[in-house]
Amino acid sequence: MRRIDKGDADMIAIMREMSTEMRQYYEALFSDQLLSIDKHLTVFYPEVEILISEPNVTSEFLMHFPNLKLIFTLSAGVNKMPFDYLKANQVILTNSRGLHAEHMSEHALAMILAQTRQINLAVKNQLRHHWAHNEGEFTTVHDKTLCVVGAGTIGHALARKAIAMGMQVTGVSRTGRQQENYQTMYPTDKLIEAVATADVVVLMLPLTPKTYHLFDHHIFSAMKKGTTLINLSRGGTVDEVALIDALNNGQVGFAGLDVFKDEPLGSESVFWEMPNVLIMPHVAGDISDYLDRALNIFANVLADFRNGTEVRNRVDLDLGY
């Protein structure tokens with residue numbers, strides 16, 4: 001990757017500790033000093049105009065950077081960012097969209113196959129030293145219909161892989177515009193029609209006021225009996241009371257849940273004891289070289305910003321994603 005011309009840009013702050021070697025590499029690439037900070041600031045940084053940020057900072061925190069012009073979040077989800085402050089101060093918000101496509105789509109498939117090939121049951125039986133040759137119902141994803149709700153970059157990668165496994169793939173997006181790898185696309189207001197045809201529903205939605213509790217009793221009741229639900233988006237997109245009811249009555253046959261309304265998930269949650277639920281602790285987006293991947297996306301965002309061209313990965317502050 002080429003070195004990025006600094007121009008008139010000032011210091012870049014990053015909410016991460018970095019090794020000396022890594023810092024030197026990226027300071028050379030960005031043509032600028034990287035200042036590592038955390039959330040507990042006691043001083044102001046007027047020299048900082050660019051912030052590489054965690055996805056959940058407050059307006060009070062951002063006030064420590066009076067000349068801030070651009071934020072790059074180390075996450076695709078930005079629902080915890082202070083949108084009103086960003087609008088009032090004309091701060092450009094960008095995210096790590098595109099970083100997660102391959103490994104999160106693999107994660108979704110892993111959770112689906114954990115059910116169809118009884119991997120979840122096998123792990124439990126291994127812990128019990130129990131050879132269970134005739135337990136569990138083994139099925140296949142081949143010829144099944146997958147509905148991706150939130151057909152963005154991760155959904156696109158998932159659709160491509162699901163088709164290679166012989167699945168039919170439909171998608172739901174805000175506009176319903178046709179996309180490659182989807183047999184049918186639905187706008188969000190046709191969600192009931194979309195989920196009614198699916199054997200597997202995967203949520204990849206951003207959390208916004210419009211998607212909060214989008215999956216409720218009404219939507220679950222429209223699904224096929226025994227539908228598999230995978231949620232890799234945000235816990236708030238699902239009404240958990242409605243989901244528990246759907247799991248208990250068999251409307252949802254299996255749920256793979258990586259996200260929850262309250263995290264970490266409390267020990268008292270009924271989800272822990274439900275045999276048709278696979279719980280993972282919000283790790284679908286994790287990968288060992290995450291920071292390197294994110295900073296390489298940021299390098300392109302930074303180049304756009306300094307060149308005065310349209311900044312890629314820009315978040316629409318009105319839509320919230």
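Scanning region 270-309 for residues that are of a type in the set (D, E) and not in a helix (DSSP H, G or I) turns up D286, D289. If you filter region 159-180 down to residues that are under 19 Å from H107 (Cα atoms) and within 20 Å of the chain's Cα centre (by Cα), you find that the one that is surrounded by the fewest Cβ atoms within 10 Å (Cβ to Cβ) is R160.
Taking the criterion of being within 25 Å of G77 (Cα to Cα) and not basic (K, R), would at least one residue in region 138-147 satisfy it? Yes. Among the residues of this structure, S267 does not count as one that is in the same structural domain as D189 (by TED's automatic domain parsing), outside any helix (DSSP H, G or I) and in contact (Cβ under 8 Å) with a residue 60 or more places away in the chain. Looking at region 90-182, the strands (runs of 3 or more DSSP E) lying wholly inside it that each contain 3 or more residues that are without any contact (Cβ under 8 Å) to a residue 40 or more places away in the chain sit at 168-173. The residues listed here are P281, P209; of these, the one that is surrounded by fewer than 17 Cβ atoms within 10 Å (Cβ to Cβ), modelled with pLDDT under 95 and under 23 Å from M81 (Cβ atoms) is P209. Among the residues of region 272-287, are any in contact (Cβ under 8 Å) with a residue 24 or more places away in the chain and among the aromatic types (F, W, Y)? Within region 272-287 (the criterion being in contact (Cβ under 8 Å) with a residue 24 or more places away in the chain and among the aromatic types (F, W, Y)), the answer is no, since none of the residues qualifies. Of all residues in region 37-73, those that are of a type in the set (D, E), closer than 17 Å to D84 by Cα and either in contact (Cβ under 8 Å) with a residue 12 or more places away in the chain or not assigned by TED's automatic domain parsing to the domain that holds F298 (or both) total 0. Checking each residue in region 273-320 for being of a type in the set (G, A, S) and under 24 Å from K261 (Cα atoms) picks out A284, G285, G320. Put simply, of L86, L109, L146, L158 the only residue that is over 25 Å from F215 (Cα atoms), at pLDDT 95 or above and either assigned by TED's automatic domain parsing to the domain that holds S36 or touching a helix residue (DSSP H, G or I) at 6+ places or on another chain (Cβ under 7 Å) (or both) is L86.
Checked against (1) at pLDDT 95 or above; (2) more than 18 Å from M111 (Cα to Cα); (3) surrounded by fewer than 16 Cβ atoms within 10 Å (Cβ to Cβ), E273 passes all but a single condition, namely (2). On the stretch given as region 72-99, residues that are under 19 Å from L295 (Cα atoms) and of a type outside the set (K, R) total 14. For region 88-97, the criterion of being surrounded by fewer than 21 Cβ atoms within 10 Å (Cβ to Cβ), over 21 Å from the mean Cα position of the chain (by Cα) and among the hydrophobic types (A, V, I, L, M, F, W, C) is met by at least one residue.
Applying the selection to region 145-158, what residues are under 16 Å from A110 (Cβ atoms) and either in contact with an Asp or Glu (Cβ under 6 Å, 6 or more places away or on another chain) or among the basic types (K, R) (or both)? Selection gives A157 alone.
The values are calculated or read from the model by the stated rules, or taken from the named source; none is laboratory data. Only a predicted model underlies this, so the values are computations on that prediction, with no experimental measurement involved. Ideal geometry is used to build each Cβ from the backbone, glycine not excepted, and the neighbour counts take in all protein chains shown.
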